[in-house]
Amino acid sequence: MRTSSYVNYYVLCLVCWILLGVTGVSTRSHSLVKRIDGLYPGPYFDSNSPENITVQLGTHAYLPCKVRQLGNKSVSWVRSRDAHIISVDRTMFIEDERFQAIFSDAQDTWTLQVKYVQARDEGEYECQISTEPKRSHTVKLNVVVPKIEIMGDRDMYVKTGSTVALRCVIKQSLEGPFFVFWYHNGVRVLNYQMDKQDIQEERIDSDIINSLIIRNARREDSGNYTCNPSNLDSASVQLHVLNGEHPAAIQRGISSAPGGSHALWWLSGAITLSSYHKERFLVLVILISLAVYTQTLHGR
């Protein structure tokens, strides 16, 4: 009888222990679910995600999209102008190999990389989360196109023995080119004849000026000179080194006019070879006066 009571007592304790354990587990599970529900409302975009990215033509662009608490959702990149899906997670849906989706687990960031940016890449790109309803974050890509030019006229006339400075100006450049090469009639100019040629570079405000200095210019220095910065368009100028004669183009232009004379050719050459603006203006006035006088005589 006593043995039966002990058995019943142990059975009762076991049942109570089991009930308490189940209740405890249930209570803990319920509190765990509540705690997760309180901290995990769903995916959202980090408020620090940038909305504007500005890069220079020909460089690489990185459009970051920080997504917190993504869970089992997907992240897509879509080009706004044509609604073209670029990527879904790491899978690419665009044939242009310049685009790539990069994921950083440590920063919860999905980055759209665009290599060797072109002007047509400018525009808005949407980072989308596959929630219902859809969530999206727009990043505007701005492409800066530097302008390049050689200062002065496209045709430059100089005297033999003079020093010539060809100045190539790069404007609106976010970062300087890796190199600037000069070419003379298609052959690269090498900066090793310091007594004859010299290549210099300086920055004035946001402009980069790369200069080719030619000392003691000779007839063989005539020709086409091209400034060619890396990843940018090139600019060219035609250099004419004159040995006292007159520019052929000006001679042809005057001789074709009625009443053209050799005196006018000489005055035209003087204008080109004059080194000061006041002298050029004065000679130009004389030239116009002679031209009018010649026309008058021709009319008679």
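Bear in mind that the values in this text are calculations on the coordinates, not laboratory data. What you see is a predicted model; the values in this text were computed from it and never measured. Please note: Cβ atoms are built from the backbone with ideal geometry, for glycine as well, and neighbour counts cover all protein chains shown.
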Legend entry - segment 92-167, Cα convex hull volume normalised per residue, Å³: 183 Å³
Legend entry - Separation of the residue 165 and residue 200 label points, Cα + 7 Å toward Cβ, nm: 0.6 nm
Inset, instruction - Kindly rank 100-109, 233-242 from highest to lowest mean number of other beta carbons found within 10 Å of each residue. - result: 233-242, 100-109
Legend entry - Computed Rg/Rh of segment 44-144, alpha carbon atoms with Kirkwood Rh: 0.94
Legend entry - Equivalent ellipsoid semi-axes, segment 122-214, via Cα gyration tensor eigenvalues times 5, rooted, Å: 46, 13, 11
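Quick one: length gained pulling residue 90 to residue 172 fully straight, 0.36 nm per residue minus the C-alpha distance?
26.0 nm is the gain from fully extending residue 90 to residue 172.
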